[in-house]
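Structure first, then comments.
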Amino acid sequence: MCGIVAYVGDKQAYPILIKGLQRLEYRGYDSAGVALINNGTHTYKCMGKVKDLEAHAKEQSIEGHIGIGHTRWATHGEPNNINAHPHTSMKGKFTLVHNGIIENYAHLKKELTSRGFTFQSDTDTEVLVNLIENIYLEQNVSAEIAVRVALSKVIGAYGLVISCEDEKDKLIAARKGSPLVIGVGESEYFLASDASPIIEYTDQVIYMNDEDVAILSKDDLVLKNIQNDAQKPKIQKIDLSIDEIDKGDYEHYMLKEIYEQPHSIGDTFRGRISIDKTKIFLGGIIDVMPKLNQAKRIIIVACGTSWHAGMVGEYLFEEYARVPVEVEYASEFRYRNPVINPDDVLIAISQSGETADTLAAIKMAKEKGATIIGICNVVGSSIPRETHAGVYTHAGPEIGVASTKAFSSQVTVLTMMAFMIGRKRGSLYDELYKQLIHELTLIPEKIEIILKSDSYIKGIAELYKNASNALYLGRGYLFPVALEGALKLKEISYIHAEGYPAAEMKHGPIALIDENMPVFVLATKDKSYEKIVSNIQEVKARNGKVIAIVTEGDETIKKLADHVIEVPDCHEAIAPLLTVVPLQIISYHIAVMRGCDVDQPRNLAKSVTVE
Ligand code: F6R
């Protein structure tokens, strides 16, 4: 949540900041701002998106070789011009951009107010910048010391970059809980919340660790921690290309990412399934295999779409590895007092690797002795660094706020894990193991077939684009897909949608069904097929409109449903990977037809780094 970008070097900073903010806009987009240091600090900020900032700043000549920028997702204080970052301290000494939450800001604000400080905005960030200024002036210390002392008083999370009027050639950055990456160029440094604003200038980066403080000038980088101990910068090469973060010819990132799934799923299993398709090898968890083999229980923690992937994991692990599984919302898990034993394995799933609740759940389970495995997409993000072992999904950057390819790659990893553990534990016999692996490798080409139905699916979207509500029903492996389909529709088109286990419909939701209610039913051929056919009949008997996702060639449901969308036949254990695709496509088209901002839906941000 919130994107930060900064530059110090010989180039003009403004274009670098603007381009960087555009790349980070997925992290928040309710206001944006930049500050350029050039004979004083010049701040331009406004409510709205980066394009609004550009329009706002257009008239000015914005020069300077040092600058900081921010795109905001509001936490403290509504989105408006005043609450937009950067924030400058009362006496104008410091200018700050900040991502995260200062939890004790009210207490600090009270203290600063009693010392005569006044505040323009409702933000916790303005409190922090004034706290730093107060220490700087009162204790007569350097900017760096003032920052470190202030941060030692702060409770909460931050990724921040700050400039000081008296030390004009420098930027100071600090991180705790919110990511920051330093790009290392020739006589220049970049800073950003992720590597995407940096890649076209350098592929050399340093991922800052929690409690790191970096002091950057064009020719110098000093890395230390808040306690002033020197830290050794670990420079790494980023494995990311501009093409991967480019929208290409697609109208939206979400559409591009839906269409990328044959490749992204292929990338997820590439090198992890033997060429003869008889073995799965997940190198990242090899060290914890003994723990996994003996685990009495697996706990899966995640949020949102990743939680839905976790539910598919539950069905897979229980069926094929015969281990009891609990799937938990990270935000609930961390705040109750769950029973966690040292022989539990906790799997944390996160696209961004930065979700605050998931990270906190990991830390808690780790303290209680559980073995922690991460399934993450963003390499070098916080979650993989907190876990004992892990598997990257390798889906490539996901920029559309609504998760699509990350979900299918997470499910692919969980599927491979379940089969691999099942085989190791002896609960999955060899012949079925090989058949399942073979089926998994066919998924990319089967998704290509589904993508060919795009315009047919768009036609169905046209019929339901004005619905106020929608119901999604599924059973077994397809129940989590129903939840995911409903989430996709509601988050990008703002239509109220609910996912239900199909059999639960009779216990309440059936009351909602009338001729205006579209009901999406996941009805591919599996062991509950007959039952789901009955559920479709129950909906039709109440005049509901049924859009059924069926196995190709299904004539029975074709006669009952209003519309069918066919997917190729596959084993039920991997059907989520196919059946989710038409639901993503239909949500996408409905949202576009309703004029919604598909890639940046209202109130959302891609990476939820606050709890
Ligand atoms: C929905 C969506 C969110 C995320 C959730 C967790 O499309 O993207 O529900 O799945 O915020 O994010 P990660 O996976 O980054 O932890």
From the cross-link list LYS168/LYS232; LYS506/LYS531; LYS525/LYS545; LYS256/LYS405; LYS51/LYS93; LYS110/LYS153, the entries with a Cα-Cα span beyond 19 Å are LYS168/LYS232; LYS525/LYS545; LYS51/LYS93
Other residues with Cβ under 15 Å from the Cβ of GLU354 give, with Lys and Arg +1 and Asp and Glu -1, a net charge of 0
The rounded separation in angstrom of the Cα centers of region 69-129 and region 18-68 is 18 Å
The answer for trypsin sites (Lys or Arg not before Pro) in region 226-301 that fall in a DSSP coil and have at most 12 neighbouring Cβ atoms within 10 Å is LYS234, ARG270, LYS296
For the chain, the per residue accessible area (1.4 Å probe, Å²) is 38 Å²
In whole percent, the fraction of accessible protein surface over the chain that belongs to carbon or sulfur atoms, probe radius 1.4 Å, stands at 49 percent
Among trypsin sites (Lys or Arg not before Pro) in region 63-115, those in a DSSP loop whose Cβ has at most 14 other Cβ atoms within 10 Å are LYS91, ARG115
On each of the three principal axes the extent of the alpha-carbon atoms of the chain, given in whole Å and largest first, is 79, 53, 44
Among GluC sites (Glu not before Pro) in region 425-528, those in a DSSP loop whose Cβ has at most 15 other Cβ atoms within 10 Å are GLU515
Length-normalised contact order of region 152-240, Cα under 8 Å, at least 6 apart, in percent, tallies to 25 percent
Here FRET efficiency (C-beta to C-beta, GLN294 to GLU59, R₀ 60 Å, nearest 0.05) is 0.35
Nearest 10, in degrees from 0 to 90: the angle of helix 356-367 to the longest Cα principal axis of the chain is 90 degrees
Expressed in angstrom and rounded, the centroid-to-centroid distance over alpha carbons for region 547-578 and region 179-208 is 46 Å
antiparallel share of DSSP beta bridges within the chain, to nearest 5, in %, is 60 percent
Dividing the helical contributions, -39500 (n - 2.57) per DSSP H run of n ≥ 4, by the residues of the chain yields a 222 nm value, nearest 500 deg cm²/dmol, of -11000 deg cm²/dmol
In degrees, nearest 10, the alpha-carbon axis of helix 105-114 is tilted away from the dominant principal axis of the alpha carbons of the chain by 20 degrees
Contour minus Cα-Cα span, GLU78 to LYS424, at 0.36 nm per residue, comes to 119.3 nm
Note on region 326-411: alpha-carbon gyration tensor, axes a ≥ b ≥ c; rule is a/c under 1.5 for rounded, else prolate if a/b larger than b/c, else oblate; result prolate
Close lysine pairs (region 422-476; alpha-carbon distance under 29 Å; 8 or more apart or on separate chains) counted at 7
Cα extents of region 448-602 along the principal axes, largest first, in whole Å, come to 39, 37, 25
So the FRET efficiency between ASP569 and LEU463, C-beta based with R0 = 22 Å and rounded to 0.05, is 0.25
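The values are calculated or read from the model by the stated rules, or taken from the named source; none is laboratory data. Being a predicted model, the structure only gives us computed values, none of them experimental. Note that we place each Cβ from the backbone using ideal geometry, even for glycine, and neighbour counts take in every protein chain shown. Surface accessibility is based on the protein's heavy atoms, side chains included, excluding ligands, DNA and RNA. Shrake-Rupley method; radii C 1.70, N 1.55, O 1.52, S 1.80 Å.
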